[in-house]
Amino acid sequence: MQIAIDGPAGSGKSTIAKLVANRLGFIYCDTGAMYRTATVMAQRLGLDYGDEAAIMAHLEPLEITFKPTADGQLVFMDGVDVTLAIREPEATNNVSQVSALPAVRANMVARQREIAAKHNIVMDGRDIGTTVLPDADLKIFMVASVAERAKRRYKENLVKGIDTPLAVLAHEIEERDRKDSTRAVSPLREAADAVRIDSSAMTIDEEVAAILKLVQEKRQPR
Ligand code: DC
């Protein structure tokens, strides 16, 4: 079974996707973390974030792997732990540019399909329901107000020791929404057959329950 969860930055996708995957015993694939890892790779190699040829030369052979732990999922780049680095402002502020490169997207989409082919999966991102897994059994499109999303990212960041002011986060979220929605290749877009969930006024438990109910309905159609 494939569950696609898409939505803008900070809509709560990854928190919800992880919990839903846990409850169902499915694996969870955070595609944003993959684009972020490509960005950290470019940063560490001193590559220009728009230099598609140079980025691709290093990205093709790069191994990106996930390791689930009790405290969350760790992300590795050729065996090096980049879990924290991919959430730093340098990666966050440049990932839209790297993820807009068509060859980077093609490479990531191929990797994501390969992972999805082997497992029952919950995959979250921007283009999962529209491009990566167009035949997913269930497609969710999660939205939330900018103010609510900035507040959530602020709290998430504090736990990680990152202290960016709320107003800056709100501005970054708006900017990223704009870039992600207007890029030429697979922009952030709701799939025609997606179920839209507005999480602004919902608790995490309510969101998870709503999705599990939809999964149940897919498994036992009335
Ligand atoms: O979900 P996130 O904030 O970690 O995603 C980081 C960036 O990666 C986001 O700005 C857009 C890009 N992205 C994408 O283009 N396609 C995806 N499937 C997932 C993320």
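Every number here is computed from the coordinates shown, using simple stated rules; none is lab data. Since we're looking at a predicted model, the values are computed, not measured. Note that we place each Cβ from the backbone using ideal geometry, even for glycine, and neighbour counts take in every protein chain shown.
Of note:
- Taking Ile5, Ile128 and counting other C-beta atoms within 10 Å, the order from fewest to most: Ile5, Ile128
- Note on the chain: dipole from Cβ charges, positive end direction compared against Ile162, Gln216, Met41; the farthest Cα belongs to Gln216.
- Over all pairs of different C-alpha atoms, the stretch 1-93 has a mean inverse distance whose reciprocal, the Kirkwood radius, equals 14.4 Å.
- With an a/c value of 1.5 or above and a/b larger than b/c for the gyration tensor axes a ≥ b ≥ c computed over the alpha-carbon atoms, the stretch 93-169 is described as prolate.
- Between the stretch 103-124 and the stretch 11-25, the alpha-carbon center distance in angstrom: 17
- This model, with +1 at the C-beta of Lys and Arg and -1 at the C-beta of Asp and Glu, gives the stretch 63-221 a dipole about its Cα centre of some 260 debye.
- Gyration tensor verdict on the stretch 167-222 (Cα atoms; rounded if a/c is under 1.5, prolate if a/b is larger than b/c, oblate otherwise): oblate
- Relative contact order %, the stretch 126-222, counting alpha carbon pairs below 8 Å whose residues are six or more apart: 41
- Dipole moment magnitude, nearest 20 debye, the stretch 1-152 about Cα centre, only Lys, Arg, Asp, Glu C-beta charged: 540
- Ellipticity estimate at 222 nm from DSSP helix runs (n ≥ 4, -39,500 (n - 2.57)) divided over the chain, nearest 500: -16000 deg cm²/dmol
- Among beta bridges that DSSP assigns inside the chain, antiparallel share in %, nearest 5: 30
- Relative contact order of the stretch 90-175, pairs being alpha-carbon contacts under 8 Å that are 6 or more residues apart, as %: 20
- Percent RCO, i.e. relative contact order, over the chain, from Cα pairs under 8 Å lying at least 6 residues apart: 33
- Taking the Cα centre of the stretch 82-140 as origin and assigning +1 to Lys and Arg Cβ atoms and -1 to Asp and Glu Cβ atoms, the resulting dipole is close to 100 debye.
- Qualifying GluC sites (Glu not before Pro) in the stretch 1-106, DSSP loop, other Cβ atoms within 10 Å at most 11: Glu63
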